[in-house]
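Notes for the one structure printed next.
Every number in this text was worked out from the coordinates using simple rules, so none of it is lab data. Source: prediction; values computed, not measured. Cβ placement follows ideal geometry from the backbone for every residue including glycine, while neighbour counts extend to all protein chains displayed.
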Amino acid sequence: MEHEVFLMTDTVPEQIFVYEHDARRLELLVRIVYWIAIGIVAMIYGILAMICLFIQWFFILILGRRQQGLSDFAKGYFEYNVSRMPYMYFMTDVRPTILPNPVKIYKE
């Protein structure tokens, strides 16, 4: 069974892993700067997400339930990474924002 990943920006789902034939050479140089910036943001965001998951583990262990804010933060980290993958893996020349922006990811 094949799954497709969709990104919800407003109300219209948009497939994010789509093949684009044309590519700009200059964008390869700009991409290096973006890789560094996105990598720094992703690293900091990831550390904070791991701290949230660690706290969530204790929350579940002690209280037997999950805390919504901790789950939402970890989900936001996942959505941040997935929404930047097409650019990071040379699938598109469309630059994403460096800082996190609200997205929702659905599978079909």
request  = Please work out if Leu48 is in contact (Cβ under 8 Å) with a residue 24 or more places away in the chain, part of a helix (DSSP H, G or I) and more than 23 Å from Pro13 (Cβ to Cβ).
outcome  = yes
Matching entry among Ile51, Ile62 (being more than 21 Å from Ile105 (Cα to Cα), β-branched (Val, Ile, Thr) and surrounded by 13 or more Cβ atoms within 10 Å (Cβ to Cβ)) = Ile51
All positions within segment 51-68 that are part of a helix (DSSP H, G or I) and without any contact (Cβ under 8 Å) to a residue 12 or more places away in the chain = Ile51, Phe54, Trp57, Phe58, Phe59, Ile60, Leu61, Ile62, Leu63, Gln68
